[in-house]
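Every read-out reported here was derived from the displayed coordinates using simple, explicitly stated rules and does not represent laboratory data. Please read all numbers here as calculations on a predicted model, not as lab measurements. Note that each Cβ is placed from the backbone with ideal geometry, even for glycine, and that neighbours are counted across all protein chains shown.
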Amino acid sequence: MKKLEPRKLFRNLLIEILIYSVLIFGYYLLVLRFLDDWLLSYFQSSLILYSIFGLGAIIIQAVLLDFVTSFLMKHIKMDQFGIRRVLDVFSDR
Amino acid sequence: MYFPIADVTVNPLLLMCVGFLVGILGGFFGVGGGFLAGPMMFWTGVPMNFVVGTDLAHMTGKSIVAARRHRALGHVDLKLGSFMIIGTIAGVEIGARFIETLKDTGALEETIGVTYIVILLIISVFTAWESIRAIKMVRTDQIDAEEAVGFKGLAKRVQAINIPPMVSFPHSGIECISIWMVLGVGLITGVLAGSLGVGGGFIRMPLLIYVLGIPTHVAVGTDLFEIVFSSGFGTITHAIKGNVDILMALVMQTGAAIGAQIGATATRFFAGPRIRLAFSFLPLVGAILVIFRLINGGMMH
């Protein structure tokens, strides 16, 4: 793999994080913002249901985010650019 | 953004950044990162009673992402993790009861605080000493960095103890070990976690390496696998008590998921001794934070 200057490496890393941030911000605007009423109603009516739905939401979001981040890192080959290159600089393997 | 459950307004970007930072640490070192996320959340204005529960909830999601990534890299020993969970759950219960006994003496805060600081300092100094020794061994003895451990004596002795039933963990390169040793390590971690009020990742990870002889990368991945269950259980118990803001945890998790992926991927680029050397600073940070809390008279629980 061709070596890049440190400045370029960090620029690429920042671009990647920016792309992630845009996606997450869109998700926040479209989904998370509208969950508060739903969660609050369970929190006030039944804490047992709230805890079950809450843990379920955490697990579902984790699996979805894992899918999205893995997809970005593999298929758009993001791990070949910034993050991967920055890690290469410090690697001892 | 207003979070109606915790009744607090916090900038979601700040929460995402906290999640991102703790996610990187968690993915790379196999720790939950509660010792760092807790004070940061408190600093952003989250009420103390929501800090612990919400942190556990976000830790569950982050650990799922990091553990899945580590599993894809072949760093998770499911069999070992499952045995450890049994010991840990029993240990957490014992630890919680120990706390109840201590409460009656009225010296809970100081006793736990000082114990915590001593344990963290011992882990930090020992891990730093061992990893520097291992790095020197790699340089001078020309041995493979993956196999370099500066302190193997204890793990060898533990593996030689012959108390049936004996089990093997081929994924971790252990041919034969007494099941009681594995359960015992889980139990010790659980007792410490239950009595100190932490997830126990940065106690469990060194114990896996130095006591059971698990390779560093597998210790990191297996630790995360166990954190999924311990923090998931903690989320449910805290949520039932009304101490979890799920929406806040979901927002934090969006940052943590990216951080966890980066942290877990980064382990591919470093050999065990370097990961352990970097890890040795974490308990030190934890100890400093506890010292500050004790000086300022903050609450441990």
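To test your reading of the geometry: what angle, between 0 and 90 degrees and rounded to tens, separates the Cα axis of helix B:78-105 from the longest principal axis of chain B? Rounded to the nearest ten degrees, it is 50. Taking trypsin sites (Lys or Arg not before Pro) as exposed when their DSSP state is a loop state and no more than 16 other Cβ atoms lie within 10 Å, the longest site-free interval of chain B runs over B:1-151. Going by alpha carbons, how many degrees (0 to 90, nearest 10) lie between the helix axis of B:108-141 and the longest principal axis of chain B? The answer is roughly 40 degrees. Overall, the anisotropy analysis places the range B:6-295 in the prolate class: the square-rooted eigenvalues a ≥ b ≥ c of its C-alpha gyration tensor yield a/c not less than 1.5, with a/b exceeding b/c. Here the residues B:THR54, B:THR254, A:THR69, B:THR105, ranked from fewest to most Cβ neighbours within 10 Å of their Cβ, fall in the order B:THR105, A:THR69, B:THR254, B:THR54. Can you give the FRET efficiency for B:ILE163 and B:ARG139, using 1/(1 + (r/R0)^6), R0 = 45 Å, r = Cβ-Cβ distance, to the nearest 0.05? The pair B:ILE163/B:ARG139 has a calculated efficiency of 0.70. Under the criterion of Cα pairs below 8 Å and six or more residues apart, the relative contact order for chain B equals 41 percent. For the range B:169-184, 3J(HN,Hα) computed residue by residue from phi via the Karplus equation (6.51, -1.76, 1.60; θ = phi - 60°) reads 10, x, 5, 9, x, 9, 7, 7, 8, 5, 4, 5, 5, 5, 5, x Hz, glycine and proline entered as x. Lysine pairs in the range B:6-295 whose alpha-carbon atoms fall under 27 angstrom of each other, counting only those eight or more residues apart or on distinct chains, come to 7.
Shape analysis of the range B:1-127 places it in the oblate category; the axes a ≥ b ≥ c from the Cα gyration tensor give an a/c of at least 1.5, with a/b not above b/c. Compared with the dominant Cα axis of chain B, that is its longest principal axis, helix B:246-266 is turned about 30°.
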